[in-house]
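Below is one structure, written out as structure tokens; the observations come after it.
The values are calculated or read from the model by the stated rules, or taken from the named source; none is laboratory data. A quick note: this is a predicted structure, and the numbers were derived from the prediction, not measured. Cβ sites come from the backbone with ideal geometry, for glycine too, and all protein chains shown count toward neighbours.
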Amino acid sequence: MPASRLTGSRIREQRLINGVRQADLARAAGISASYLNLIEHNRRRIGGKLLANLARELGVETSGLAEGAETVLLDQLSTAAATARQAEVELARTDEFAGRFRGWAGLVVEQHDRITELEARIAALSDRMTHDPLLARSLHDVISSVTSIRSTSSILVNGEDLDSDWQRRFHSNLYDDSVRLAESSQSLVDYLEQSQDAGGAAITPLEDLEAYLEEVGFAFPILEQGGVVADVMAEPGVPQSEAVRVMLVTYLARYKQDARALPLSELRTDESPGVTAARLNLPFALVLRRRAAAGGTVGMVRCDGSGALTLHKQIAGFAMPRLGAACALWPIFEALSRPMVPVRKTVDVPGTTRQQFVCHAIAEPKFTGDFDAPQVLEAVMLIEPAQEDANATPIGTSCRICPREPCPARRETSILR
């Protein structure tokens with residue numbers, strides 16, 4: 001039954017809430033009880049004066065009974081149903097459920113939103129616990145202090161024959177460890193509060209660089225128009241950290257070369273990157289980088305030969321770990337194992353809402369200036385939303401927060417089990 005025919009269910013619900021008999025409401029509205037019965041069972045459309053009369057008799061606004069009033073609720077229920085992992089949802093009766101049991105429907109939506117929020121929070125906290133070196137060090141200090149205090153306390157409790165000198169020494173150690181625990185705990189609390197106030201502030205030069213690139217949309221009109229790197233570096237808002245500026249200059253130098261080789265005016269985002277590379281006789285990786293710079297709903301990641309991610313351009317629905325340790329099934333790592341061979345793959349990403357993306361990736365050697373120099377590889381992957389594909393490859397973000405079981409590439413158990 002289409003969502004636009006919920007009006008009758010809403011009329012029936014409001015009549016029952018008011019304790020009005022069907023015959024009485026029909027008489028007051030100037031229609032027969034049998035016709036009102038058809039309306040309440042969504043077998044007759046209703047609008048105009050009759051709807052206004054019924055709303056008046058029921059003491060509600062006309063908009064409260066109007067067709068389409070449940071559209072938002074129905075969309076939310078459909079979203080919740082799409083994330084069901086085991087239960088078979090009767091989608092054909094969604095409108096009936098929303099019309100007859102609006103309160104329960106609202107509760108389902110509320111719980112779905114809460115679950116989505118908690119899953120996102122767990123993912124963020126797990127990722128932070130795994131990759132935040134400052135947080136890991138603070139936790140290590142706290143745990144070390146607690147362990148030391150417990151060990152010293154057990155000796156004092158069980159060591160009845162300790163002489164006074166040893167007792168004083170253990171008491172001194174206990175006091176020192178207690179002070180260290182207090183300081184470590186306070187440092188941890190301060191750090192967590194500072195991070196929360198900063199909204200997840202960057203902790204590495206790479207994150208500072210990515211935050212700046214995200215702010216400017218990974219695009220630099222000055223360089224697109226033939227300007228020089230120094231012009232960009234002189235603009236307000238450019239990070240002042242020396243480490244970040246060194247990384248940014250390297251990024252901008254390559255960006256300028258890419259813009260000269262492939263102006264955005266010659267880039268067609270409606271064709272496959274492989275077709276563009278062949279049409280213009282350009283390196284595949286260069287085309288991928290230019291597609292990311294052209295804007296739109298695209299993401300990009302870059303990694304070095306060790307597989308460590310060295311750049312992230314975020315795209316909604318495709319979660320990326322802050323520092324390395326990404327899912328080994330990402331196409332970028334397949335490309336890394338086969339240098340100079342383009343890889344195209346549709347992937348299925350886990351989450352509260354199932355999403356699929358098409359990924360184009362390639363790994364290329366970076367010339368280091370001498371034939372005897374070690375080979376240095378760099379891989380890049382472009383990520384774009386994809387149409388539903390039954391043969392999509394299931395991937396994750398990182399093992400620690402991936403719900404997929406079993407997985408041949410799993411390195412550690414997931415906290416979501």
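For the stretch 227-255, give me each residue that is in contact with an Asp or Glu (Cβ under 9 Å, 6 or more places away or on another chain) and either in contact (Cβ under 8 Å) with a residue 40 or more places away in the chain or of a type in the set (D, E, K, R) (or both).
Met247
Looking only at the stretch 94-124, filter to residues that are exposed (fewer than 12 other Cβ atoms within 10 Å of the Cβ) and of a type in the set (A, V, I, L, M); which one of those is modelled with the highest pLDDT?
Checking each candidate, the answer is Leu107.
What's the total number of residues in the stretch 221-232 that are in a helix (DSSP H, G or I) and loosely packed, with under 13 Cβ neighbours inside 10 Å?
Number of matching residues: 2.
Take the residues in the stretch 154-181 that are assigned to a helix (DSSP H, G or I), modelled with pLDDT under 85 and among the small types (Gly, Ala, Ser); name whichever of them is surrounded by the most Cβ atoms within 10 Å (Cβ to Cβ).
Looking at the filtered set, the residue picked out is Ser154.
Can you tell me which residues in the stretch 389-402 are touching a helix residue (DSSP H, G or I) at 6+ places or on another chain (Cβ under 9 Å) and either buried (at least 20 other Cβ atoms within 10 Å of the Cβ) or under 13 Å from Glu119 (Cα atoms) (or both)?
The answer is Ile395, Thr397, Ser398, Arg400, Ile401.
Please verify whether the stretch 307-320 includes one or more residues that are in contact with a Ser or Thr (Cβ under 7 Å, 6 or more places away or on another chain) and under 20 Å from Ser272 (Cα atoms).
Looking for residues that are in contact with a Ser or Thr (Cβ under 7 Å, 6 or more places away or on another chain) and under 20 Å from Ser272 (Cα atoms), one finds at least one in the stretch 307-320, hence yes.
Determine whether the stretch 404-414 contains at least one residue that is touching a helix residue (DSSP H, G or I) at 6+ places or on another chain (Cβ under 9 Å), assigned by TED's automatic domain parsing to the domain that holds Leu288 and not in a loop (DSSP other than H, G, I, E, B).
So far as the stretch 404-414 goes, no, none of its residues is touching a helix residue (DSSP H, G or I) at 6+ places or on another chain (Cβ under 9 Å), assigned by TED's automatic domain parsing to the domain that holds Leu288 and not in a loop (DSSP other than H, G, I, E, B).
Please state which one of Ala325, Ala319 is surrounded by 16 or more Cβ atoms within 10 Å (Cβ to Cβ), touching a residue at least 24 places away in the same chain (Cβ under 8 Å) and on the phi > 0 side of the Ramachandran plot.
Ala325
One line per residue, one yes/no per condition, for (1) of a type in the set (D, E, K, R); (2) out of contact with any Lys or Arg (no Cβ under 8 Å at 6 or more places or on another chain):
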position: Glu266; (1), (2): yes, yes
position: Gly295; (1), (2): no, yes
position: Met300; (1), (2): no, no
position: Ser306; (1), (2): no, yes
position: Met320; (1), (2): no, yes
position: Gln355; (1), (2): no, yes
position: His360; (1), (2): no, no
